[in-house]
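Trainee: Here's a structure for you.
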Amino acid sequence: MKIRKIIERIFFFLLVVWAASTITFFIPRISSRNPVRERFGQLARSGGFAPADLEIIIESFNQKFGLDLPLWEQYTNYVGSLARLDLGVSMFQFPKTVGELINESLPWTIGLLVTTTILSFIIGNLMGAIAAWPKAPRWLRNLAMPFVLFMGVPPVLLAIFLLFFIAFRLKFLPLGGAYSIGTVPNLSLEFALDVLKHQILPATAMIFGSVGGWVLSMRGMGITIQGEDYVLFAEHKGLSGFTIFKDYYLRNALLPQVTAFALALGNVVSSGIIIEQLFGLPGIGTLLHNAIKFNDFVVIYGVVLFITIAIAALMVFVELLYPLLDPRIQD
Amino acid sequence: MEPALKINNLQVSYYTDAGRARALDGVNLTLNPGEKLGLVGESGSGKSTMALAMMRMIKPPGRIEGGEVIIGDVNLTTLSEEDMLKARLSRIAYIPQGAMNSLNPVTRIGAQMVDAIKAHDTGMSKKEIIEKSMESLESVDLKREVFKMYPHELSGGMKQRVCIAIGILLEPQVIVADEPTSALDVITQRQVMETIDKVQDKLGAAIILIGHDMGLMAQFVDRVAVMYTGRLMEVSSVKDMFTRPKHPYAVDLIHSLPNLENKGVFKGIPGVAPALLRLPSGCSFHPRCSQAIEICQKDTPPYQEIEDNRFAACHLFQEKA
């Protein structure tokens, strides 16, 4: 039964990925716009080369990207290359493959956005749980208040504020970039510290922007759970406050938060685009932003597809994880 | 015989914005080992408050303001917070009302028994703790396998049995059962009550059964205590209470029970129970009492022995004391 369920989930996962990739494939082609023509048209208008050669160049690039083939053949080629995990070649950063580009950007996105999302989740839920726990000391319960207030401030605004005061005026931390200009990425401690220094401000902006949401939702859950009979009965059993908090209260209040957490992780790229831009970090968000800017449609599809797969995979993971967290959910 | 439980002049108040509500006003009660006492009264009369006060689990804005709860030779009211944690379950155990939801849905029954024992200094090894838990399950007629199950895999009656099994884990001297069968069908009710009866016999513990169900009380308990507005009105043996109740409130309460001879005729008590914030002067029952005399409006009647082993708080029986 268990195995069957896993296979079922993986089948649906593949179905979602296939559907998403098909939609990603057809939508731009319905519009009958040719990105190659547009790109070279732009170049020609700015006086790059003679219009006479333009058609030939466009023709050769169309051939290179397979845009001259009939639609069904383009589609089978596309699905075929996807099956080989080949996302194609970037038009703008030719001849780099989309896979390579994602590979290069991914560590930065994971390093900043995934880490801060996890940190926010832990900090926010712990503070929210404590804020709703009547036995916690008052100062501890109020610790979450500033974060809730910061919820009203968009992370971007906070980021600009941090950049201006801490990086620009006080010069405590670097203004942007993933690492100091002139250093070559390597595996030394020095370089690691340099990278870390560059991550402090964007990480602060991200965490302050998202902790408040976790605090509020967890606090709401906590208020419901602490009135449950099993929390009361745990007290009747003579358990210590800490055991009740950990095993009876937090454990149950956290359940719906896990789903929200997976969704937040899936949305990491879209919620981080502006922060990555603002701080000049070469993550997936920046990759997508540049691809859109330069109409590099192969990269756009690659990134969108990658995000789709990441979200779908996370959902499968959560669905398989959930029965372990909540035994009431089985089939 | 040394009493298992002695409650002396127990006082509990809730402080609300509208003022102080005396939820428990000078309750006195003595229970012998192995005795079963039924605590009855209308909703809001202070039954559950009394259970919570005995466990010292009254939460703000409520407060225990005076009196003593003595179990064996230990005065619970003077224990430190930490010692009180240890006293729960080992001296006085509570069997909850909402058995359906009283078990943590995400952990196994076993874990919820083991953590209860571990919270007390029993000096038992892990193996002994598990064995003890399984024995406890067996003593409430559940299989040992229940130890490894989750609450959602059990029926309502089984969950209530698990709660009883947890309650008797550390062999308490006093068990407080707060409407333990209110959510169960009559067949299961009977089985659960028989189980409570059986484990109580084995432990020799005193039991306080809180509830509304007079039929259940009549079958199960030795003595009945009638509570009204946080005061005990009458405490008598179950036979005396049902055949010749003394206190006018107890009389009305017994007579309001439907019986087959007068089918279709409901006899209630006129009026409604007063709010605790605005209690009438004197005896709190006097506005609804058919036998009220002048003094009832002025003085609160003392709670005293009116016959052998019968206690009541009523001016009508003053002189007999």
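The values are calculated or read from the model by the stated rules, or taken from the named source; none is laboratory data. All values reported here derive from a predicted model rather than from experimental measurement. Note that each Cβ is placed from the backbone with ideal geometry, even for glycine, and that neighbours are counted across all protein chains shown. Surface areas here come from the heavy atoms of the whole protein model, side chains and all, with no ligands, DNA or RNA. Shrake-Rupley method; radii C 1.70, N 1.55, O 1.52, S 1.80 Å.
Trainee: Test B:Ser136 against the stated conditions and say whether it is at pLDDT 90 or above, within 14 Å of another protein chain (Cβ to nearest Cβ) and in contact with a Phe, Trp or Tyr (Cβ under 6 Å, 6 or more places away or on another chain).
Mentor: Against the criterion (at pLDDT 90 or above, within 14 Å of another protein chain (Cβ to nearest Cβ) and in contact with a Phe, Trp or Tyr (Cβ under 6 Å, 6 or more places away or on another chain)), B:Ser136 does not qualify.
Trainee: Any idea how many residues of the stretch A:181-205 are surrounded by fewer than 10 Cβ atoms within 10 Å (Cβ to Cβ) and aromatic (Phe, Trp, Tyr)?
Mentor: Selection size over the stretch A:181-205: 0.
Trainee: Can you tell me which residues in the stretch A:136-193 are of a type in the set (Gly, Ala, Ser) and within 17 Å of A:Gly124 (Cα to Cα)?
Mentor: Matches in the stretch A:136-193: A:Ala136, A:Ala144, A:Gly152.
Trainee: In the set A:Ala264, A:Ala310, A:Ala253, A:Ala291, which member is small (Gly, Ala, Ser) and within 14 Å of chain B (Cβ to nearest Cβ)?
Mentor: On the way: A:Ala264 fails: within 14 Å of chain B (Cβ to nearest Cβ); A:Ala310 fails: within 14 Å of chain B (Cβ to nearest Cβ); A:Ala291 fails: within 14 Å of chain B (Cβ to nearest Cβ).
Going through A:Ala264, A:Ala310, A:Ala253, A:Ala291 in turn, the sole match is A:Ala253.
Trainee: State all residues of the stretch B:283-300 that are at pLDDT 85 or above, open to solvent by less than 80 Å² (accessible area, probe 1.4 Å) and under 15 Å from B:Tyr228 (Cβ atoms); if no residue qualifies, say none.
Mentor: Residues satisfying the conditions are B:Cys283, B:Ser284, B:Phe285, B:His286, B:Arg288, B:Cys289, B:Cys296, B:Thr300.
Trainee: Let me ask something else. Looking at (1) hydrophobic (A, V, I, L, M, F, W, C); (2) under 30 Å from B:Ala21 (Cβ atoms); (3) within 13 Å of chain A (Cβ to nearest Cβ), can you tell me which one B:Ala111 breaks?
Mentor: (2)
Trainee: Of everything in the stretch A:211-225 that's of a type outside the set (A, V, I, L, M, F, W, C) and in contact with a Leu (Cβ under 9 Å, 6 or more places away or on another chain), which residue is nearest to the other protein chains (Cβ to nearest Cβ)?
Mentor: A:Gly222
Trainee: OK, next. Against the condition open to solvent by 70 Å² or more (accessible area, probe 1.4 Å) and within 14 Å of chain B (Cβ to nearest Cβ), how does A:Lys171 come out, does it pass?
Mentor: no
Trainee: Just one of A:Phe233, A:Phe208, A:Phe245 is open to solvent by 50 Å² or more (accessible area, probe 1.4 Å) and either within 14 Å of another protein chain (Cβ to nearest Cβ) or in contact (Cβ under 8 Å) with a residue 12 or more places away in the chain (or both); which is it?
Mentor: A:Phe208
Trainee: Still on this model: In the stretch B:118-154, what residues are on the phi > 0 side of the Ramachandran plot and among the acidic types (Asp, Glu)?
Mentor: Hit for the stretch B:118-154 is B:Asp141, nothing else.
Trainee: Let me ask you something else. Which of the residues belonging to the stretch B:78-107 are more than 8 Å from every other protein chain (Cβ to nearest Cβ) and of a type in the set (D, E, K, R)?
Mentor: Those that are more than 8 Å from every other protein chain (Cβ to nearest Cβ) and of a type in the set (D, E, K, R): B:Glu81, B:Glu82, B:Asp83, B:Arg91.
Trainee: Which of the residues spanning the stretch A:313-326 are within 14 Å of chain B (Cβ to nearest Cβ) and either open to solvent by 50 Å² or more (accessible area, probe 1.4 Å) or of a type in the set (A, V, I, L, M) (or both)?
Mentor: A:Leu321, A:Leu324, A:Leu325
Trainee: Give A:Ile292, A:Ile329 a once-over and let me know the one that is touching a Pro at 6+ places or on another chain (Cβ under 6 Å) and surrounded by fewer than 17 Cβ atoms within 10 Å (Cβ to Cβ).
Mentor: Result: A:Ile329 is the single residue among A:Ile292, A:Ile329 that is touching a Pro at 6+ places or on another chain (Cβ under 6 Å) and surrounded by fewer than 17 Cβ atoms within 10 Å (Cβ to Cβ).
Trainee: Please go through the stretch B:251-267 and give me each residue that is assigned to a loop (DSSP other than H, G, I, E, B) and open to solvent by less than 60 Å² (accessible area, probe 1.4 Å), ordered by number.
Mentor: Answer for the stretch B:251-267, where residues must be assigned to a loop (DSSP other than H, G, I, E, B) and open to solvent by less than 60 Å² (accessible area, probe 1.4 Å): B:Ser256, B:Leu257.
Matching residues to (1) closer than 30 Å to A:His289 by Cα; (2) within 14 Å of another protein chain (Cβ to nearest Cβ); (3) part of a helix (DSSP H, G or I); (4) more than 25 Å from the chain's Cα centre (by Cα):
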| position | (1), (2), (3), (4) |
| --- | --- |
| A:Glu59 | yes, no, yes, yes |
| A:Glu73 | yes, no, yes, yes |
| A:Leu82 | yes, no, yes, no |
| A:Leu106 | yes, no, yes, no |
| A:Ile110 | yes, no, yes, no |
| A:Leu113 | yes, no, yes, no |
| A:Ile118 | yes, no, yes, no |
| A:Phe121 | yes, no, yes, no |
| A:Arg141 | no, no, yes, yes |
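Trainee: Give the residue that is nearest to B:Ala177 (Cα to Cα), with candidates limited to residues of the stretch B:26-59 that are within 14 Å of chain A (Cβ to nearest Cβ) and outside any helix (DSSP H, G or I).
Mentor: B:Met55
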